[in-house]
Amino acid sequence: MMSSWASADTQFRLIIDASGSMLISDPDKLTAESLKLISDLAPEEKATLGVWLFGERARVLLPETTINPASKLRLNQAVSSYTPGDLKTDLESIVRMLLQTPDAGDLAPGFERHWILVTDGMVDVSLDKAVNDASRSRLMNELAADLAKRGVHLHTVSMTSYADKEMLKSMSTLTDALYTEVATPEEMLGTFDRIFSQAAPSEEVPFEGNTFFIDEAIEEATLLVFNKAGQTPTIYKPNGERLNLSAENVSAVTAPHYLLATIAKPDVGTWKVENVDVERSNIRVITKLSAQVTKVAPVLFVNEPIYSTVGLFQDNRLIDDPEILNLINVNQRLNLLSGESTKQLLNVPLAQANRQFKNKIEKITDEGNYELISEVDGKTFVRKLSQFFSVTAPITLEAERQSENFVAFSVKPTNLRLNMLRSNARLIITTGDGAEDSIEMPLIGEGFWQKIYPVSPNSTVSAHVRLIGITQTGVRFEYSTPSWYLSRDGAGDVNVSRSSGDGGGSMIAAMGASNRDLVPLVVTPQVAVVTIPESPPEEVVDNASDASDTDSSALPEDIAESDSAPAELTSSDWILYGVLNGAALLVLVGGYAVFRRMRKKRKQKIEDELDV
């Protein structure tokens, strides 16, 4: 359920790249301004914040503390004083440090951990590539799993095309967080605002052009408006007077690129703003007449359906009067977020059923960051609910040559929402003539699927995995991985590659390095929308106070909390497979030896009989 943005106890840890290249990537220090935005948005005494730097070594810029006026002043001084200049990028050391750093600020039990990592590079701890690769592997496997076990949401932000996007996205996906690539430093502020919105969802009223309407039920409104450097945003009240930021009922913070103003008991009527980038700005509200929507998981899988139910509440009680509900229109829009651009993928009205408004988005086929907007128009009031989430592949498929003719296929989940015990993975082998062989992949423990496949001499095949996936909340979906290609000339070693005609993994690495600066082709995701008049698996509960206490796993699209992390393929696993394969080989050799002895005895017996 959606909840008041000022009610969550949250830990914010901000992890900033201090390498010298950041001077080029962020010359105007918008990263520093974004750090201040988080502290300005977070409710005082309800969240903690700390800032760490990493480069050649990990160090504390601002010790973690409860957010209040004094800590905000210390943050402003700290971010204004540091200058990036480190020669290396040791990300592993800072992650290990933070995992060992105790929580501070006397937060309530059950608080959420949202860590934000900003970098413009990749793991760079040594001149030896093997050392860097080993550190990178530990980050993506061991340390990412440790973060997930602790319930840390590691939001990552890459600032250049040279950043290790695969690593950053992998760590964010596993920890139920957003990965964002920003093309320009100006996008940093909007990115931090979206991360905060995911950490602490809020109810809003929408902009209509450069105006917005405040109704009688709204008790407080917080305007976050973005502006270009050098411009001064202005806010006008319904009577046409300019809002006095020093007024008794106004609390305001100004920065070079944004204005944040909280207004208690705002005047009823139509307000107006000027010198503002309306597309990036928003108005968060606290109100007695609220709209609430079932949660969307922070990370969804490709082809996974979204069930959405919107309910309207008056003083925390669900409004069920048909005469009132028949006057209300509810719409949902789905947007694909790509840098500063937003592409609308759907805009549909929601059907009313059982005193609420329901919809089902059948599937989203492409990976990326998305925003689902639910707008409630009650003629005399409007409400807006924005939900940010990412869509990713549910599994990864890796292929590795084990011997001259054996290839090991390993399938790992990208996120803990996948129920490994109920899901099914099949290895699909396709020959040159198009014939398919579907092979069941055994589940190793609860961590991954694996299959050892023998490649015949003089053969060329492709291999992918077809997944029938079940989420932890019982939602079913299907997914197929990209293919691997296997070829074997005569009785020589098998070649394994990600593309047909590729002679081996080294060529893939070379292609990745040489094409680093190419702009990727963006394909519009396919979205199927089904408006459902009948009840989806779960609904918004009838009472808002009950909703706040409801276990999130009751909703089909919520993430079920888990203390376990997906197991990686450890050295002990490889030893086990080596032992099993060796045992199988010994059985074959032993059988052949027995066969030869029996054959020799039989031959000798025949010769003896002939001699007689």
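Measuring from label point to label point, each 7 Å out along Cα→Cβ, what is the S480 to E44 span in nm?
5.8 nm
Roughly speaking, to the nearest percent, how much of the range 405-458's 1.4 Å accessible area is carbon and sulfur? Walk me through the numbers on the way to the answer.
Working: 1160 of 2330 Å².
Result for the range 405-458: 50 percent of the exposed heavy-atom area is carbon or sulfur.
Suppose every Lys and Arg Cβ carries +1 and every Asp and Glu Cβ carries -1, with no other charges. What dipole size does the range 1-157 come out with about its Cα centre, to the nearest 20 debye? Could the numbers behind the result be given before it?
Details: 16 positive and 22 negative charges, 32 e Å.
So the magnitude is around 160 debye.
Determine, from the Cβ-Cβ distance of I468 and A435 and an R0 of 30 Å, the FRET efficiency 1/(1 + (r/R0)^6), rounded to the nearest 0.05. Can you show the working numbers first?
On the way: r = 22 Å, r/R0 = 0.73.
Plugging the Cβ-Cβ distance into 1/(1 + (r/R0)^6) gives 0.85.
In the range 138-282, if the dipole is taken from +1 on Lys/Arg beta carbons and -1 on Asp/Glu beta carbons about the Cα centre, which of S172, L245, G190 is farthest to the positive end?
Most positive-ward Cα: S172.
In the range 324-388, if the dipole is taken from +1 on Lys/Arg beta carbons and -1 on Asp/Glu beta carbons about the Cα centre, which of Q332, L372, Q352 is farthest to the positive end?
After comparing all options, I get Q352.
Over the range 316-381, give the accessible area per residue in Å² for a 1.4 Å probe, as an integer. Could the numbers behind the result be given before it?
Details: 3190 Å² over 66 residues.
Per residue, the range 316-381 has an accessible area of 48 Å².
When the accessible area of the range 293-369 is computed with all protein chains present and a 1.4 Å probe, what percentage of it is carbon and sulfur?
On the way: 1300 of 3200 Å².
Taking all protein chains in place, the range 293-369 shows 41 percent carbon and sulfur surface.
Need the full-extension length gain, M97 to D493, defined as separation in residues times 0.36 nm minus the C-alpha distance. One decimal, nm.
Working it through step by step, the gained length comes to 138.2 nm.
FRET efficiency for Q231 and T211, Cβ-Cβ distance as r, R0 = 22 Å, nearest 0.05?
On the way: r = 19 Å, r/R0 = 0.84.
Once rounded, the FRET efficiency stands at 0.75.
Mind giving me the nanometre distance, one decimal, between the label points for A247 and I319, set 7 Å out from Cα along Cα→Cβ?
Placing both labels 7 Å along Cα→Cβ, they lie 2.6 nm apart.
Which of S386, V407, T473 sits closest to the plus end of the dipole of the range 375-505, meaning its Cα is farthest towards the positive end, when Lys and Arg get +1 and Asp and Glu get -1 on the C-beta?
Positive-most Cα among the choices belongs to S386.
When the accessible area of the range 143-206 is split by element with a 1.4 Å probe, what percent falls to carbon and sulfur?
On the way: 800 of 1570 Å².
For the range 143-206, the apolar C and S fraction of the accessible surface comes to 51 percent.
The values are calculated or read from the model by the stated rules, or taken from the named source; none is laboratory data. Because the structure is predicted, anything quoted here is derived from the model rather than measured. Every residue, glycine as well, gets a Cβ built from its backbone with ideal geometry; the counts of neighbours run over all protein chains shown. Keep in mind that these areas ignore ligands, DNA and RNA; they rest on the heavy atoms of the full protein, side chains included. Shrake-Rupley method; radii C 1.70, N 1.55, O 1.52, S 1.80 Å.
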